[in-house]
Amino acid sequence: MELSWLRISGVLCVFGFLRELRPSEPYHAEILLGEWYNVTQDQVNRAVYPIGTYSYLALLIVVFLITDFLRYKPMIIANALTGIIVWSVLIWTTTLLGLQIVEVFYGFYQATEVAYYSYIYAKVEKKYYPRVTSHTRAAMFVGKLVAGLSAQLLISFYWMNYMQLMYISVGSQVLALLWAIGLPRVEKSLYFHRKASASVEANTPVAPVDNIAPKDAKDAPELSVAKKDRVQPIQLLWAHFHSAYTNPMVLQWSLWYAISLAGYLQVTTYMQVVWKSFENEPTIVWNGGVDAALTALAALFSLMAGYLHAGRLKTRSSLLLLAVLSVLEGGCILLASWTTNIYLSYLGYVLFGALFGFTITVASAELAKSLVEDSFALIFGINTLIALILQTSLTLVVVSESGGLYLTTFEQFTVYAFYYIVVGTVYFIAIIVQYAMTCKT
């Protein structure tokens, strides 16, 4: 059994590595604003990137349910196939409309990432969840790191231009597709195909879940897995949803997770546009190296967070730490967008990414502690949806020219910076007030 789970984890990690091996990504804005497309910086900022955000939001929950129903592998294949479409179309299209169509597909590409993270939970036993989770996350980090470093080398030594990096991105997606076809099939899923596993643990007792246990029994009898597996998928979905979001701890950490992720997605989406606005942009653009440094530092900080948090920080201490780090994240964004030196902007962005890696790891760990195991994918999916709603709201208010504030690029990042500063300050004050009230009682 040990070899089996490790082999499955390894096979999936290869897909995650290949999927992230896209050296064109660090130079996406450079490519769109280069000689190959007939678009302006303002059009990229307001009419191209927002389409990807809206598409991601619209598709996420639908994709999650389809992923579970189809048992993961078909959606992993669809993810790779969509990647081929995205980077192939980027090679031959030259118009604003073509780029907007690409963003719709890119929204689907991002949404189907949930299949990659959920697949492993349906293929291995629960006792291996922490290890396979770290493996799959690490594989994507390594893919991004290699992509950033290779892109920087290819550009710095003039072995390729920006557009030629697209061909490597397409090639990696083709390899990912071929690899995905060979992934082992999933016989069961979290909600729609649970009966396949019922015979294995038919007599294993599990704690009753609200809305599943009889309502008129204060001490309801425990349900066997076999009985729980007979519950309709929608009922089980609702039970997991209700159980999670009536828990104050889940609500608290879900809110933090969503707020932090929304800001991160917005900053990383538009940061390259900020760098294109610098008057002293260097001859050799260091986006690839910056992305590699951010990825490496974020991975390191994530590991530090896991080590520091494991039994060492209480919930209130975790919140207090994250409140302070949120203010620091806002400061990093101000450094990245207010400075006139692009290298200081690079530094601010890398530090922001590292701090985010730490805070999101702590928030995820705290959140996971309060969840029913089978509901991990659902609750994190819903929290990501909330993050996308917040990100979309930021886009509409800050970026959109119809009904929004229509701010310049640098003004937009000032808003994002104070978004983190205000959130951190509010949480800090709330924790202090809560602590003071506790001491009085």
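The values are calculated or read from the model by the stated rules, or taken from the named source; none is laboratory data. These figures come from a predicted structure and were not determined experimentally. With ideal geometry, Cβ positions are generated from the backbone for all residues, glycine too; neighbour counts draw on all protein chains shown. What goes into the accessible areas is simple: the full protein's heavy atoms, side chains included, and nothing from ligands, DNA or RNA. Shrake-Rupley method; radii C 1.70, N 1.55, O 1.52, S 1.80 Å.
At a glance:
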| quantity | calculated |
| --- | --- |
| Some residue of segment 92-103 being touching a residue at least 24 places away in the same chain (Cβ under 8 Å) and within 18 Å of the chain's Cα centre (by Cα) | yes |
| Some residue of segment 366-380 being open to solvent by 60 Å² or more (accessible area, probe 1.4 Å), outside any helix (DSSP H, G or I) and of a type in the set (A, V, I, L, M) | no |
| Index of the failed condition, Thr94 passing every other in (1) part of a helix (DSSP H, G or I); (2) β-branched (Val, Ile, Thr); (3) open to solvent by 10 Å² or more (accessible area, probe 1.4 Å) | (1) |
| Matching residues in segment 48-85 - criterion: being hydrophobic (A, V, I, L, M, F, W, C), farther than 22 Å from Gly182 by Cβ and open to solvent by less than 30 Å² (accessible area, probe 1.4 Å) | Val48, Leu60, Val63, Phe64 |
| Verdict on Val327 being in contact (Cβ under 8 Å) with a residue 24 or more places away in the chain, part of a helix (DSSP H, G or I), more than 25 Å from Asn280 (Cα to Cα) and open to solvent by 20 Å² or more (accessible area, probe 1.4 Å) | yes |
| Pair list, Cβ < 8 Å and 6+ apart or interchain, from segment 265-280 residues that are at pLDDT 90 or above to residues that are charged (D, E, K, R) and surrounded by fewer than 20 Cβ atoms within 10 Å (Cβ to Cβ) | Trp275/Glu281 |
| Test: Thr361 is modelled with pLDDT of 80 or more, in contact with a His (Cβ under 8 Å, 6 or more places away or on another chain) and either at positive phi or not aromatic (Phe, Trp, Tyr) (or both) | yes |
| Any hit, segment 417-425, residues being assigned to a helix (DSSP H, G or I) and polar (S, T, N, Q) | yes |
| Residue check, Ala299 within 21 Å of the chain's Cα centre (by Cα), under 22 Å from Ala258 (Cα atoms) and among the small types (Gly, Ala, Ser) | yes |
| Failed condition for Thr295, given (1) in contact with a Lys or Arg (Cβ under 6 Å, 6 or more places away or on another chain); (2) outside any helix (DSSP H, G or I) | (2) |
| Residue in segment 427-437 that is at pLDDT below 90, over 23 Å from the mean Cα position of the chain (by Cα), open to solvent by 70 Å² or more (accessible area, probe 1.4 Å) and under 22 Å from Tyr245 (Cβ atoms) present | yes |
